[in-house]
Amino acid sequence: MAVEGVGLPVAVVTGANRGIGFEVVRQLAGCDHRVVLGSRDLGKGRAAAARIDPSGDRVLAVQLDVADAASVAAMAERVTREFGRTDVVVNNAAILYDTWARARSADLGEVQRALDTNLFGAWRVTQALLPLLRRSPHPRVVMVSSEGGSLASMSGGTPAYSVSKAALNALTRLLAGELSGQRVLVNAICPGWVATDMGGRGGRPVREGAAGIVWAATLPDDGPSGGFFRDGEPVPW
């Protein structure tokens, strides 16, 4: 990666070779961030990075499977070596929007698989990058959540996804409280129903869903922490 812009903020985005993650990378690179694009498939990640940044000056693709501790550790080592700090972590990687399932009969193996990516993946990545976040003057952690994880509106269906996102919201609150004295702002963002491979057709444009995530990634130092937002407005827990 080129050395120009070494002083720019560094962002790590997981699950970023397509959909919302890809658009978040594009928007962050467009507002003067150097972005690490995490993708389980490195070839797809490199292709995505080249579409956003053909010169390779702003976007670096890395292999990252958030459900694999060794992969997360390797990513953190690479970011340490290349940049020496992290300013923004966007935990976007998620799987298994199980609209066909019901809690009363759910395959618990599927639920466990969803938790390992949607909850523990975000947890692993945040823990791995926390030493680098502490080196940042303006550290931000964004959990890409969903209103499907809101206890206030939860009534049934999509159990693996909903439970994993509710747990991610709880993690957001815990980390925000624990890191409040270290200037790290931690928030959960619902991008809304977005027209992606996971969300399906009929949703809002990807750029609109991603914009709320980028808002949280670029909050001022006096911005909120420990909140749940969509388009910059609070969502009921």
Only one residue in LEU185, LEU132, LEU175, LEU168 is touching a residue at least 12 places away in the same chain (Cβ under 8 Å) and surrounded by fewer than 21 Cβ atoms within 10 Å (Cβ to Cβ), so which one is that? LEU132
Can you name the condition, by its number, that VAL194 falls short on among (1) modelled with pLDDT of 95 or more; (2) buried (at least 16 other Cβ atoms within 10 Å of the Cβ); (3) more than 15 Å from LYS165 (Cα to Cα)? (1)
Going by what's in this entry, would VAL214 be described as assigned to a strand (DSSP E or B), within 29 Å of PRO9 (Cα to Cα) and in contact with a helix residue (DSSP H, G or I) (Cβ under 6 Å, 6 or more places away or on another chain)? no
Counting just the residues of the range 131-148 that are small (Gly, Ala, Ser) and at pLDDT 95 or above, which one comes out nearest to MET75 (Cα to Cα)? SER136
Can you tell me which residue among GLU147, GLU233, GLU178 is within 17 Å of ASP98 (Cβ to Cβ) and out of contact with any helix residue (DSSP H, G or I) (no Cβ under 8 Å at 6 or more places or on another chain)? GLU147
Residue satisfying condition, being touching a helix residue (DSSP H, G or I) at 6+ places or on another chain (Cβ under 7 Å), at pLDDT 95 or above, closer than 24 Å to ILE213 by Cβ and not charged (D, E, K, R), within set ALA73, ALA106, ALA128: ALA128
Against the conditions (1) of a type outside the set (Asp, Glu); (2) more than 16 Å from the chain's Cα centre (by Cα); (3) at pLDDT 95 or above, where does SER153 fall short? Just the number, please. (3)
Which residues, taken from the range 212-237, are within 18 Å of the chain's Cα centre (by Cα), within 20 Å of GLU178 (Cα to Cα) and of a type in the set (Gly, Ala, Ser)? ALA216, ALA217, SER225, GLY226, GLY227
Complete set of residues in the range 71-89 that are of a type in the set (Ser, Thr, Tyr) and either surrounded by fewer than 22 Cβ atoms within 10 Å (Cβ to Cβ) or assigned to a helix (DSSP H, G or I) (or both): SER71, THR80
All positions within the range 25-58 that are outside any strand (DSSP E or B) and under 15 Å from THR86 (Cβ atoms): VAL25, LEU28, HIS33
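Kindly evaluate VAL66 against the criterion of being crowded, with 17+ Cβ neighbours inside 10 Å, among the β-branched types (Val, Ile, Thr) and not in a loop (DSSP other than H, G, I, E, B).
Criteria not met by VAL66.
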Could you tell me whether the range 154-165 includes any residue that is surrounded by fewer than 24 Cβ atoms within 10 Å (Cβ to Cβ) and of a type in the set (A, V, I, L, M, F, W, C)? yes
Is it the case, given these coordinates, that ALA101 is more than 20 Å from the chain's Cα centre (by Cα), surrounded by 16 or more Cβ atoms within 10 Å (Cβ to Cβ) and not basic (Lys, Arg)? yes
Could you tell me how many of the residues in the range 75-95 are closer than 22 Å to ALA114 by Cα and of a type in the set (A, V, I, L, M, F, W, C)? 6
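The values are calculated or read from the model by the stated rules, or taken from the named source; none is laboratory data. All figures in this text were calculated on a predicted structure; none of them were measured in a lab. Every residue, glycine among them, receives a Cβ derived from its backbone with ideal geometry; neighbour counts consider all protein chains shown.
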